[in-house]
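Just so it is clear, none of the values below were taken in a lab; they were calculated from the coordinates. The structure displayed is predicted, hence computed values, not measured ones. Note that we place each Cβ from the backbone using ideal geometry, even for glycine, and neighbour counts take in every protein chain shown.
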Amino acid sequence: MKVDVVLGCFYGDEGKGKIIDYLSQKADITVRCTGGNNAGHTIEVDGKKFAFHLIPSGVLNKDTKAVIGNGVVIDPKVLIEEIEMVKENGYSVDNLYISDRAHVIFPYHIEMDRLQEELRKEGKIGTTCRGIGPSYCDKYERCGIRMGDLVNKRFEKQLRKNVEERNNVFNLYHHQTVDIDEIIVQYTKYAEYLKPYVTDTVTLLHEAIEKNEKILCEGAQATLLDIDFGSYPFVTSSNPSIGGICTGSGIGARYIGEVYGVIKAYSSRVGEGPYLTEDKTEVGDLIRELGHEYGTTTKRPRRCGWLDLVALRYAVMVNGITGIAINHLDTVGKLDKIKLCVGYKKNGEINNKFSTDEDYLKDCEPVYEEFEGNFGDISNIRKREDLPEKAKKYLNRIEEIVKVPIAFIGVGAGRECMIVCNK
């Protein structure tokens, strides 16, 4: 198959960028399919960290085309800043392509996002207030403005209508309104900057498939934040699961080959919502510090806890995952003891049924198995068989329960700190 996929299995921040960076070195094209600048991938190259929020991290490989697909919502200001960041670090962006069907985030989307979160009060979702949800709402209400509209300067009429409607809402709640003329001036400048990159990426991708070129699709965020399959309503506004790969790129399911599900050797979550294996003790705090668990986009401290294999089995089922990439083995290996959730206990009985229903999860408690930690320095190990026996035992148990092979093992922060396993 010509198209491989990298997806997050839990709540995002699993280190997808590291796996994507490795795989993109052998890909002709990398594609970002869903989400917006509410998500981020951080990769480390030659000791320098790069935080990508919109551009596929494959852009750092000069022989790889980097495509922002039609399923992404784009804040032009953020995208331009990211392009400039890449250039300033000595990399070209001549290999960047932006879908003319991708929707545009405007200032009124961001203000609407803030207002909605304020009005939720104690029921807040924990949105990043980047305008992602309101932009997707416009898309499905069929009043959205796409990149093709922006760069061809046919957006003003629709923009004026949208701003007038949103300002009426802002006035109702005594919220600050937005200036239409200021937006037009600013976004016209954005359009001129971005126009060389905007194209019909659906045709581009299918022409590549016909040429037998290798394509890598990268998901933003992760399965348990999926609008359909995540812990609703504490989710994102798109499908960061396998379905979003197809609808966010225009690539049909028949072309998809390997689907890599990325996890950490522990788990974390940003924002509100259920999280059964969260450790609220000083151990959770220690995991956060050891793993540097602060949001790439928001810098918010992440809630930390243990790896949940019940939830992982669910992610495998929903996405058709063929291989697991597990990061931060070195981090969890610094702990004295490691817990692994192998089941849920509900009404005195142990089961392996996952649900995104909050009431169901409230009645469950995790069933843990405990493993020895203190793996020592494993950052220079490049073969699975060379890992300490304690680490092997932990990994073997994960494979035994999930019944999917581990394909990649992250043993450090650098791009070279990874074990590539044989199938």
Checklist outcome for this item: Charge tally for neighbours of Gln186 with beta carbon under 14 Å away, counting Lys, Arg as +1 and Asp, Glu as -1, is -4
Item to check | Computed E for Lys26/Asp336 - FRET, C-beta separation, R0 45 angstrom, nearest 0.05 | outcome: 0.70
Checklist entry - By how many degrees, 0 to 90 and rounded to 10, does the Cα axis of helix 309-319 deviate from the longest principal axis of the chain? => result 40
Checklist entry - In nm, to one decimal, how far is the modelled label at Glu164 from the one at Gln186, with both set 7 Å along Cα→Cβ? => result 2.2
Checklist outcome for this item: Relative to the chain, whose Cα atoms define the longest principal axis, helix 201-210 and its Cα axis are tilted in degrees, nearest 10, by 50
Checklist entry - Mind checking which of Val332, Val72, Val178 has the largest fluctuation in a GNM of the chain, springs on alpha carbons under 10 Å? => result Val178
Checklist outcome for this item: A chain fully extended from Glu213 to Glu416 at 0.36 nm per residue, minus the present Cα-Cα distance, gains in nm 70.6 nm
Checklist outcome for this item: Length gained, His292-Glu400, 0.36 nm per residue minus C-alpha separation, equals 36.0 nm
Checklist entry - Which of the trypsin sites (Lys or Arg not before Pro) found in segment 275-313 are in a DSSP loop and have at most 11 neighbouring Cβ atoms, other than their own, within 10 Å? => result Lys280, Lys299
Next on the checklist: Full-extension gain between Ser92 and Lys390, please, as 0.36 nm times their residue separation minus the C-alpha to C-alpha distance.
Outcome noted: 102.9 nm
Next on the checklist: Loop-only trypsin sites (Lys or Arg not before Pro) in segment 51-117, please: DSSP not H, G, I, E or B, and at most 12 other Cβ atoms within 10 Å.
Outcome noted: Lys62
Item to check | Computed label-point distance, nm, for sites Tyr173 and Glu122 using a 7 Å Cα→Cβ extension | outcome: 1.9
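Going by the alpha-carbon gyration tensor, a ≥ b ≥ c the square roots of its eigenvalues, is segment 199-338 rounded (a/c under 1.5) or, if a/c is not under 1.5, prolate (a/b greater than b/c) versus oblate?
Prolate.
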Checklist entry - trypsin sites (Lys or Arg not before Pro) within segment 132-186: which are DSSP loop residues with at most 13 other Cβ atoms inside 10 Å? => result Arg142, Lys153, Arg154
